[in-house]
1. State which entries of B:LYS35/B:LYS60; A:LYS111/B:LYS137; B:LYS35/B:LYS228 exceed 18 angstrom in Cα-Cα distance in the structure shown.
2. With +1 on each Lys and Arg Cβ and -1 on each Asp and Glu Cβ, how big is the dipole of the stretch B:152-213 about its Cα centre, in debye rounded to the nearest 20?
3. Build a GNM of chain B with springs between Cα atoms under 10 Å: which of B:ASP87, B:ASP177, B:ASP270 gets the top mean-square fluctuation?
4. Across the stretch B:270-287, in residue order, what do the Karplus-derived ³J(HN,Hα) couplings come to in whole Hz, using 6.51 cos²θ - 1.76 cosθ + 1.60 with θ = phi - 60° and x for Gly and Pro?
5. So, in Å, what gap is there between the alpha-carbon centers of the stretch A:200-251 and the stretch A:95-118?
6. If you count, for every residue in B:117-127, the Cβ atoms of partner chains within 10 Å of its Cβ, what is the mean?
7. So, with +1 on the Cβ of K and R and -1 on the Cβ of D and E, and no other charges, what is the size of the charge dipole of the protein assembly as shown about its Cα centre, to the nearest 20 debye?
8. How crowded by other chains is B:62-70, given as the mean number of beta carbons from other chains within 10 Å of each beta carbon?
Amino acid sequence: MIFTLASRELRSLFLSPLAWSILAIVQFLIGYIFLGQVDLYLQVQAQLSAMQNPPGLTELIIAPVFSNAAIILLLIIPLLTMRLIAEEKRNQTLALLLSAPISMTEIILGKYVGVMGFVFINLFFVLLMPISLLSGGNLDIGMIASGLIALTLLLASFTAAGVYMSTITSQPTIAAVSTFGLLLLLWVIDWAVNINSNQATGVTPYLSILKHYQPLINGVFKSSDVTYYLLFITTFLVLSIRRLHADRLQH
Amino acid sequence: MLEDLTEITALHSLRSQHETLVSVKEVSRYYGKNKAVDNISFDVKRGEVLGLLGPNGAGKSTAMQMITGNLAPSNGQITINNFDILDKPKNAKANLGYLPEQPPVYKELTVDEYLTHCSKINRIAHSHQRDAITLAKERCGLNSMSKRLIGNLSKGYQQRVGIAQAIIHSPAVIVLDEPTVGLDPRQIREIRSLIRELGNDHSIILSTHILPEVTATCDRVLIINRGKIMVTETIIGLQQRIQSSSLIVAFQHPPSNDELSQFDGVLSVDKIELGRYRLHHVPEIDPSENIVNQSVNNNWRLTEITPEKLSLEEIFMDITCTENEDIDMTTKAEETV
C-alpha cells in the first residue's frame, strides 16, 4: 500500500514541470561547482606533488561537492515536500485517502517514500559526477560511500521535516517557508557557540545538522551521527502521523 | 442437499436484507464551543436509501464526515457493517465509499489512471481491478472520457468521476454528499436512477437540499436543523404528512359560508372569489364526499373540488424554520445557491 501511494506521488511529481526543472537546476548548479573544484585541483596540482602527504582527489573535489549539494538541496527539498499533505488539504482530496482502508501511517510513509524516490533519482545524477573522475584518477571509495550515506541521511531528514510541516497547514507556501526556516535554523544553530570557543559545549552542537554532516563527508563515520539522523527522521514522521490523527479530533 | 443449500442462501439473503449496515449512536461533534451535530442517532439497513435533508450549515456534511471517518465524533459511536469506525478503521472503511462535497479527484491524472489508483487504495485484488474500473465507468457514463485529464473535464463529469470512485470497490455503504450538484438535468436523472439501482443491494446515505431529489431517490428521510434530527420519516409517511388539510371548492349556485362550515371536520371557510372557497379541515376527516352529496341534493352545481397539497417544501420550511431569523438564513442560503 505504501508503494502504491508512493508511486502515485512520484508520478504526480513528474507530471508537473516542477520535478523536471528541479532535476535540471540542481544538476546544473552542482555540475558548475564540481567543475570549479576540478579546475581548482588542476591549479594546485603542482604544489600538491611537492607535499609530503597531499590530500587526495576525493578530499579536494568530492567532499566540497557534497557539502555544497547539501546547501542547494536544503533550498530545494521544502519545495518538493510542501505540497504533500497541504495541497491535498487545500484541494480537499485528503478525504479520498481518509475514507479508504489505509492507516495514517501508510499515508505518511507512502508520501515520504514517494518524495524519497525523487531524492534518490536526484542523488544518482549527482553521484555520476564524482564517479566520472574514476576514468582519470584514483578515488577513496570508502570516503565517497561515507559521504553518500551522509547526504542520503541528510536529505531523508530534510524530507521528514518537510512532510511534518506540510501536515500542519493547508497552505503549501507556508509549509515550504516553515520547513526552510526550521532546516536553516538547525543548520546554523551552533554558529554562535563556535565563535565564542573552539570547544563546542552545550546542547546546540547535538542539535546542529551541520555538525553531524561534516565529519561524515570527510570520511569520519561515527554511529552517533547516523543515529542523530535516524532519530530526526523517526521523530518527524511520527509527529506527522500524530498530526494527521489530531486533525480529525476536536479543534 | 441441494434444497438445503438453496434454503440456506434464501434465508441468508432474507436476513441480510434487514441487516443494519450503518449505526450511529448518540453522536455529537463540537467545533470549539459550537455544536455542529447534537446527539444524533439512526440506523441504515441494507438496501435502504437514506436522505439527509437540511438547510445549509445544519450539520449534514459534518455528520457524513464522521460516518466516513474523516472526522472523529466528540462523543457517541458509529459502526459500519458492525465495525467501529474508530476502533477498526480499516475494516470499517473497506465497507465504505464516500463522495465529499468537492469530488476528491487528482486533476493531473486521467480518468483511467485515477480510477486505477482508487481501486488500488481500496485494496481491490489485481485481477479484478480492470473489471471494477470498467463497471464503475459504465455506471457513471464515463466510458468516452477514459483518456481525458480530470482537470480538463467539466464540473459535472468531475462529479461523476467522484461517484465512480465511491462505488468502485462495491462497498456495502455509500455516502454521497450532494451528489447531483453541478449536473445538468439529464445527468441528474441518470445519477438518481443510478442511486436507486445501487440502493437495491447497498446502503446509501445522501445529503441534499434539493427536495424533489429526496422523493425521487430515498426510502427514508432525516431532516436535520442546527445539528439536531427534527424528523425521521419514511417517504410514505412523509407523503401522508403532505396529505391535504384544505380543499378548494367552486359552485355555480354557491351556498352560504355558514352552510359550508357546517360540514364535518371543516374548521374555517375562506372566500377566494365569487363561488370559490377554500375550506380548511382537520386532516383526519375528509369532507369532500359529504360536499359532493350535499351539492347534488341542494343543486349547488359543484364545478371544482381540489384537495390542496402541502408541498414537501412547505413541510420542510415548517420543520426547519421555527423562528424568523431562520427564514432569513434560509432565504439567504437559497440566494447563494
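1. Pairs exceeding 18 Å: A:LYS111/B:LYS137.
2. 160 debye
3. B:ASP270
4. Karplus-based 3J(HN,Hα) across the stretch B:270-287 equals 10, 8, 8, 8, 5, x, 10, 10, 10, 9, 8, 9, 6, x, 6, 10, 9, x Hz.
5. Cα centres, the stretch A:200-251 to the stretch A:95-118: 21 Å.
6. Counting other chains' Cβ atoms within 10 Å and averaging over B:117-127 gives 4.
7. 1980 debye
8. Details: counts 0, 0, 1, 4, 1, 1, 4, 6, 7.
Shielding by partners across B:62-70 averages 3.
Rule-based calculations on the coordinates, nothing more; no lab input. These numbers come from a predicted model, not from an experiment. We place every Cβ from the backbone using ideal geometry, glycine too, and count neighbours over all the protein chains shown.
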